[in-house]
Amino acid sequence: MNFIREKVEMVNREGKKALSVFLTAGYPQKNNFTETALNILDAGADMLEIGIPFSDPLADGPVIQSSSQIALNNGVKMKDIFYYSQNIRSGSDKPLILMGYANPIKKYGITKFLNDAKNSGVNGLIVPDVTLEEYDSFYSNLTKEIEIILLSTPTSPDERIKYIDSLSRGFVYCVSSTGTTGMRDNFSIETIENLKRTYSLVNKNKMMIGFGISKPEDIKNISAYCDGVIVGSRIIKSLAENKKIKETLKTVSELSDACTGKY
């Protein structure tokens, strides 16, 4: 199955770049997370990445780190994440992707995690701290129904990007710049050139760009070098700042419009 890839391809055929929105599970409130997620999908997100809260999220910037800690304080457990996934799946046929770190998945049990993810309607998984060298051992009991999405970085050599492309399913997650997640003022010429390079090397999969995308201008500047974009910190920050979700949904709608080239 290549459900996620087929969704991106479908969106691309409509003349649009795919928009994936990242939400930390159980943030900002534990009890209405499913409603928040479905509203964001309805506002224009083509797929959803649900972040598994973790106390030491090394790849995440301060905004997502804070949301992860708040979710943990809210008492969000792994069982809650599968509960959310199941309920979101009941309300939407768009791709659902879990994103989390190796430690809590290992603690839960990798095989049990993959089976529970599959049974709750999850389509994909991103684990940023599992290296290529650990791929076979970590995913030794790989569930075919779960698409494993791997990440490339600005420092990835050409051959490594090709290898990432060969192993990844769903799409290749292209990290736009070194460092952690978060909003940036702009994309440097060096960053743009690296996105061009990576996009030219990813041939098996679609490529989505994440890290640092927060406004329509960002999407406009990089849309020629990807099949879609991933926005996280901007949405998490909006949820933190606005007591009502209306402003956040407006932001998602504007980002979705930018993916069509309307901006």
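A short reminder: the numbers here are calculations on the coordinates, not readings from a lab. Note that this is a predicted model, so its numbers are computed, not measured. For neighbour counting, all protein chains shown are included, and Cβ atoms are generated from backbone atoms with ideal geometry for every residue, glycine included.
Observations
- Working note: 222 nm ellipticity from helices only, DSSP H runs with n ≥ 4, each -39,500 (n - 2.57), summed and divided by the residues of the chain, gives -13500 deg cm²/dmol to the nearest 500.
- Checking the cross-link pairs Lys17/Lys94; Lys215/Lys244; Lys77/Lys118; Lys77/Lys244 against a 23 Å limit on the alpha carbon distance flags Lys77/Lys244 as lying beyond it.
- FRET efficiency for the pair Asp257 and Asn31, taken as 1/(1 + (r/R0)^6) with r the Cβ-Cβ distance and R0 = 30 Å, rounds to 0.45.
- Fully extending the segment from Asp93 to Lys196, taken as 0.36 nm per residue of separation minus the present Cα-Cα distance, adds 33.9 nm.
- If you take all other residues with their beta carbon under 13 Å from the beta carbon of Thr34, and give Lys and Arg +1 and Asp and Glu -1, the sum is -1.
- FRET efficiency estimate (nearest 0.05) - Cβ-Cβ, Lys79 to Asn221, R0 35 angstrom: 0.30
- Computed extension gain for Ser66 through Ser188, at 0.36 nm per residue and net of the alpha carbon distance, reaches 41.2 nm.
- R0 of 25 Å, Cβ-Cβ distance Gln86-Asn39: FRET efficiency to nearest 0.05: 0.90
- Here is the list for segment 78-177: trypsin sites (Lys or Arg not before Pro) lying in DSSP coil, each with at most 12 other C-beta atoms within 10 angstrom of its C-beta, are Lys144.
- C-alpha center-to-center spacing [segment 80-105, segment 1-47] in angstrom: 11
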